[in-house]
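Notes follow the structure.
The values are calculated or read from the model by the stated rules, or taken from the named source; none is laboratory data. Because the structure is a prediction, the values reported are computed rather than measured. Here the Cβ is made from the backbone with ideal geometry for all residues, glycine too, and neighbour counts use every protein chain on show.
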Amino acid sequence: MKDLTGRVAVVTGAASGIGRAIAERCADAGMAVVLADVEDVSLQQTVADLQNRGAEAAGLCVDVREPADLEALAALAVDRFGGVHLLCNNAGVDTGGPFDQIPEASWRWVMDVNFFGVVNGCQAFLPALRAAGEGHIVNTGSMAAVNAGMRTMAPYIASKFAVLGFTENLAVELAATDPQIGVSALLPGGVKTRMTDSERNRPAGVELSEDPVRAEVVAGIRSATDRDGLEPLDVADLVLDAVRERRFYVLTHREAALDAVSQRLAWMTEDRQPLPRVLR
Ligand SMILES: NC(=O)c1ccc[n+]([C@@H]2O[C@H](COP(=O)([O-])OP(=O)(O)OC[C@H]3O[C@@H](n4cnc5c(N)ncnc54)[C@H](O)[C@@H]3O)[C@@H](O)[C@H]2O)c1
């Protein structure tokens, strides 16, 4: 999809951070945008901001854990703007602790939003993307998908490995069945968003860990991101370039990602234990 003008984009997790920035850049490129999020107030504000800048924009309060919500989102996009060309499955959350102390509700929340949210989006939107004749899916994973080894982060890391595995497989499947639909995996490193505050959206039953290592890990992510993180709009630019050029991997911190993959290759070839990853 070299020319995005007049096309329709749908973005989940669009009320904040990377999702909001992708929606903004899509609007800048002349696309109509449909925004989805669980945070209704910020969502409506974001839609109004885009409309005030002259964009065609609509929003729906959606929980990506619910397949029916994503079906309703697809129906809204088709009814309002006539179809869908770009789907960005971007909503994501994190909670954690020492792996054996994490309640099942917390594991499920992270897997349901980060992984099943992506699967639900792909399933709900495939008919509309097929009908559009040309389309693209961007699934947001993380550098964590190529770089594990952070204490207290097991659910998040497992969910992002799952997103990357699913998305690589999706690309292969669609290349065989629907070659007019491109696929990208966005693997961000640190980006200045509200991610480390994502427990704000936790459902009942998801308890905050009081483990001191967890507090240290989250503080390390916050300070590394404040210091070295990218601006969400710069990430959104990379995403739109990848859509136009039909590139699969979108690596915001390219060298660090390639280093992590090389390091894993060395662990395998030299039969070594994985090493920890510590952010400060
Ligand atoms: N910020 C980073 O450093 C970073 C790094 C790697 C990956 N990511 C990934 O980027 C994506 C976007 O996160 P962000 O950094 O912009 O964080 P953010 O918290 O600023 O934005 C995430 C958005 O997702 C929404 N959301 C949460 N649960 C939802 C649900 N069930 N249904 C619909 N919307 C929901 C939130 O309300 C929020 O608006 C996530 O998938 C995250 O894992 C972020």
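Points to keep in mind about this one:
- Hey, residue 211 away from the ligand (no atom under 11 Å from the Cβ), among the charged types (D, E, K, R), surrounded by 14 or more Cβ atoms within 10 Å (Cβ to Cβ) and under 30 Å from residue 135 (Cβ atoms) or not: no
- Residue check, residue 199 over 18 Å from residue 94 (Cβ atoms) and under 20 Å from the mean Cα position of the chain (by Cα): no
- Across segment 265-278, the number of residues qualifying as in contact (Cβ under 8 Å) with a residue 60 or more places away in the chain, surrounded by fewer than 16 Cβ atoms within 10 Å (Cβ to Cβ) and either closer than 30 Å to residue 240 by Cα or not β-branched (Val, Ile, Thr) (or both) comes to 3.
- Against the criterion of being more than 9 Å from the ligand (Cβ to nearest atom), at pLDDT 95 or above and more than 20 Å from residue 164 (Cα to Cα), residue 60 qualifies.
- Out of 20, 7, sole residue that is of a type in the set (Lys, Arg) and either touching an Asp or Glu at 6+ places or on another chain (Cβ under 6 Å) or more than 23 Å from residue 112 (Cβ to Cβ) (or both): 7
- Residue 88 within 14 Å of the ligand (Cβ to nearest atom) and either of a type in the set (Ser, Thr, Tyr) or over 26 Å from residue 151 (Cβ atoms) (or both): yes
- In the set 233, 186, 251, 240, only one residue is touching a residue at least 24 places away in the same chain (Cβ under 8 Å), closer than 20 Å to residue 141 by Cα, near the ligand (Cβ under 9 Å from one of its atoms) and hydrophobic (A, V, I, L, M, F, W, C); that residue is 186.
- Of the candidates 92, 96, the single residue that is under 16 Å from the mean Cα position of the chain (by Cα) and either surrounded by 24 or more Cβ atoms within 10 Å (Cβ to Cβ) or of a type in the set (A, V, I, L, M, F, W, C) (or both) is 92.
- Segment 11-64, subset among the hydroxyl-bearing types (Ser, Thr, Tyr) and over 18 Å from residue 125 (Cα atoms), residue surrounded by the most Cβ atoms within 10 Å (Cβ to Cβ): 46
- Test: residue 220 is loosely packed, with under 13 Cβ neighbours inside 10 Å, within 27 Å of residue 97 (Cβ to Cβ) and in contact (Cβ under 8 Å) with a residue 12 or more places away in the chain: no
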